[in-house]
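Data block below; observations after.
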Amino acid sequence: MKKKLILILTGLLVVSLAAAGYVYHNFTIQSDVYEPFSIEYAIIGDAGNWDGITTCSGYEGAWNTYENGFTLDVQGLYAGEGRMVCARIHNLAEANIDYTISNTILNEDELVKASCIYAFGETTISGTATAQAYSINGLPILVSQDAQAVSDCLIKIQAKRG
């Protein structure tokens, strides 16, 4: 019985060695991964109501960079008013890369959060950042005309790639 078991195991070993093949040559590639995007923002209508017509691609004012987690207090908006958050993405890669820009409400108090979501909504836009070029897109932040008064809505603007 032991001889049969040894013969079977030896046969399996020989078959597995033959199936593995003979490695003639190999090499290894080492590479880093770089962040392809740098992003700047502009808020159209920050000194008044956004007219709903001016587009981000036609914007000629200053563009700003913000640290991750930065909070920009834009004071308040009345019902029916809005701003356009423009994003200018510089894609350093030699490939086109898809992106999404979205706003989400972060308030923890459920009643405040519900009022803020009703007032501002949660929106996502997407596009493709052209290789080695600037791509510009805009995310409208509009207050519903029938929104109730609410204080300190925390609206996270987030850009994702891929």
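The values are calculated or read from the model by the stated rules, or taken from the named source; none is laboratory data. Since this is a predicted model, take the numbers as computed values, not measurements. Don't worry about glycine lacking a Cβ; one is built from the backbone with ideal geometry, like all the others, and counts go over all protein chains shown.
Figures for the structure shown
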| read-out | value |
| --- | --- |
| Pairs, first without any contact (Cβ under 8 Å) to a residue 40 or more places away in the chain in the stretch 91-102, second assigned to a strand (DSSP E or B) and of a type in the set (A, V, I, L, M, F, W, C), C-beta under 8 Å, six or more apart | ASN96/ALA129 |
| Residues of the stretch 107-162 classified as in contact with a Phe, Trp or Tyr (Cβ under 6 Å, 6 or more places away or on another chain) and of a type in the set (D, E, K, R), total | 1 |
| Filter pass, THR65 being among the polar types (S, T, N, Q) and closer than 26 Å to TYR118 by Cα | no |
| Positions within the stretch 37-51 being surrounded by 12 or more Cβ atoms within 10 Å (Cβ to Cβ) and either over 24 Å from ASP98 (Cβ atoms) or among the aliphatic types (A, V, I, L, M) (or both), in sequence order | ILE39, ALA42, ILE43, ILE44, GLY45, ASP46, ASN49, TRP50 |
| Top-ranked residue in the stretch 118-146 [being crowded, with 17+ Cβ neighbours inside 10 Å and of a type in the set (A, V, I, L, M, F, W, C); ranked as nearest to ALA62 (Cα to Cα)] | ILE136 |
| Residues satisfying the stated conditions in the stretch 103-147, i.e. part of a helix (DSSP H, G or I) and among the acidic types (Asp, Glu) | GLU110 |
| Conditions (1) over 15 Å from ILE43 (Cα atoms); (2) in contact with a strand residue (DSSP E or B) (Cβ under 7 Å, 6 or more places away or on another chain); (3) among the hydrophobic types (A, V, I, L, M, F, W, C); number of the one not met by TRP63 | (1) |
| Of all residues making up the stretch 103-117, the number that are touching a residue at least 24 places away in the same chain (Cβ under 8 Å) and surrounded by 14 or more Cβ atoms within 10 Å (Cβ to Cβ) | 7 |
| TYR59 being at negative phi and surrounded by 12 or more Cβ atoms within 10 Å (Cβ to Cβ) | yes |
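Residues checked against (1) under 30 Å from TYR34 (Cα atoms); (2) in contact with a strand residue (DSSP E or B) (Cβ under 8 Å, 6 or more places away or on another chain); (3) aromatic (Phe, Trp, Tyr); (4) modelled with pLDDT of 95 or more:
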site: GLY48; (1), (2), (3), (4): no, no, no, no
site: CYS56; (1), (2), (3), (4): yes, yes, no, no
site: TYR59; (1), (2), (3), (4): yes, yes, yes, no
site: LEU92; (1), (2), (3), (4): yes, yes, no, yes
site: TYR118; (1), (2), (3), (4): no, no, yes, yes
site: GLN148; (1), (2), (3), (4): no, no, no, yes
site: LYS160; (1), (2), (3), (4): yes, yes, no, yes
